[in-house]
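Okay, so here's the structure we're looking at.
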């Protein structure tokens with residue numbers, strides 16, 4: 001499949017995924033930035049941070065349901081990655097490598113964190129009003145939409161926090177971040193079968209916790 | 001695809017989870033994020049390198065179970081150290097208490113007195129003018145025995161003083177013209 005055709009297919013599926021050519025260009029650009037950062041070029045590392053900060057932050061936010069924790073963990077992950085650049089051999093992509101660092105640190109943090117979870121949720125962006133699926137889902141259930149959107153957000157996050165770290169990670173990466181099973185397998189360091197089974201179990205759990213909102 | 005039936009089963013859940021994509025940090029949050037990371041890296045580089053034990057500390061597990069284990073290990077080491085330490089020759093019958101002269105009332109010693117007890121007293125050996133040389137033999141016992149027992153000094157700072165009656169016998173010299 002050509003790059004353009006592949007992109008069209010992705011767009012039709014509602015997800016704007018990069019083509020192979022774009023990925024190759026991205027890898028080459030990242031490799032140059034990593035080489036420069038290894039020599040202490042902080043401007044190059046700044047560019048790398050800007051490339052991945054939103055995706056890493058979003059993953060860690062969905063893992064912790066806490067903005068402050070996600071902020072600290074994302075910063076620490078980038079600092080740790082900078083200190084470990086010499087150990088990055090390029091066997092996996094920089095994206096996968098830094099994701100692994102961020103995810104491992106977050107799982108360690110969550111294991112040490114008190115069982116009582118303090119939610120510190122971000123506000124919904126304005127685009128939520130433009131998502132017809134979400135609007136129908138919310139308005140079906142809730143006459144007072146503004147008040148209940150917040151309630152729904154809290155219930156959703158509470159249900160996520162009731163999952164184990166490994167199950168929450170798979171749901172976050174697949175159903176929220178839109179990653180493929182293969183990409184998740186590389187990050188979590190397991191095969192796609194394990195990813196699929198964890199995803200299935202996590203969805204079952206979530207469905208049970210959120211049954212009132214899924215009728 | 002095998003996943004299609006499963007995906008349909010979870011279709012409503014998937015739509016609900018999409019809500020989380022709209023949870024975003026405040027506007028402008030990511031504009032300053034990288035500069036915060038770079039500032040922290042520069043600050044760490046400017047700081048002097050931590051000593052080896054400070055680098056070791058973050059790696060130590062501080063969970064309650066591990067802290068309890070550290071405590072047990074430390075206590076075991078202390079007990080083992082106490083038992084293996086070379087024990088001094090404990091005086092028989094003293095009960096481990098302070099040694100006092102039998103002729104003196106038991107009073108707490110002040111610090112200078114206590115220190116003086118640790119240091120052997122230097123007493124000049126002189127011939128006693130009132131002593132009848134005919135009554136005294138060539139050898140003379142010096143001082144009160146009880147006093148001597150109390151004043152026998154330890155050999156080391158932490159060694160208990162010996163209470164054995166080690167009366168010193170010294171040779172007394174007499175002037176040649178007597």
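A short reminder: the numbers here are calculations on the coordinates, not readings from a lab. What you are looking at is a predicted structure, and each value in this text was computed from that prediction instead of being measured. Glycine gets a Cβ as well: all are built from the backbone with ideal geometry, and neighbour counts include every protein chain shown.
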Open item on the list: Could you check the spin-label model distance between residue A:21 and residue B:45? Points 7 Å from the Cα along Cα→Cβ, value in nm.
Closed with: 3.8
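Residue by residue through B:36-46, how many Cβ atoms from other chains fall within 10 Å of the Cβ on average? Numbers along the way, then the final one.
Numbers: counts 5, 13, 8, 1, 5, 9, 1, 0, 3, 2, 0.
Taking all residues of B:36-46 together, the mean is 4.
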Task: Two-site FRET efficiency, residue B:53 against residue A:86, from Cβ-Cβ distance with R₀ of 35 Å, rounded to 0.05 - done: 0.90
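Given R₀ = 22 Å, what would the calculated FRET efficiency be for residue B:66 paired with residue A:113, taking r from the Cβ atoms and rounding to 0.05? Mind dumping the intermediate values first?
Working: r = 16 Å, r/R0 = 0.75.
Efficiency, rounded to the nearest 0.05: 0.85.
So, by mean Cβ neighbours within 10 angstrom, what's the order for A:42-49, A:123-130 with the highest one leading? Walk me through the numbers on the way to the answer.
Numbers: A:42-49: 18.9, A:123-130: 13.8.
Descending mean neighbour count gives A:42-49, A:123-130.
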Open item on the list: Along the Cα→Cβ direction, 7 angstrom out, place labels at residue A:130 and residue A:43. What is the inter-label distance in nm?
Closed with: 3.5
TODO: Report, as an integer, the average count of C-beta atoms from other chains found within 10 Å of each Cβ along A:203-212.
DONE: 2
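Taking each residue in A:155-166, count the Cβ atoms of any other chain within 10 Å of its Cβ, then average. What number comes out? Mind dumping the intermediate values first?
Details: counts 1, 6, 3, 0, 3, 2, 0, 0, 0, 0, 0, 0.
Per residue, the average neighbour count from other chains is 1.
How much length is gained on full extension from residue A:200 to residue A:166, taking 0.36 nm per residue of separation minus their Cα-Cα distance? Write down the numbers at each step before the final one.
Numbers: separation 34, 0.36 × 34 = 12.24 nm, distance 1.24 nm.
Residue separation times 0.36 nm, minus the Cα-Cα distance, leaves 11.0 nm.
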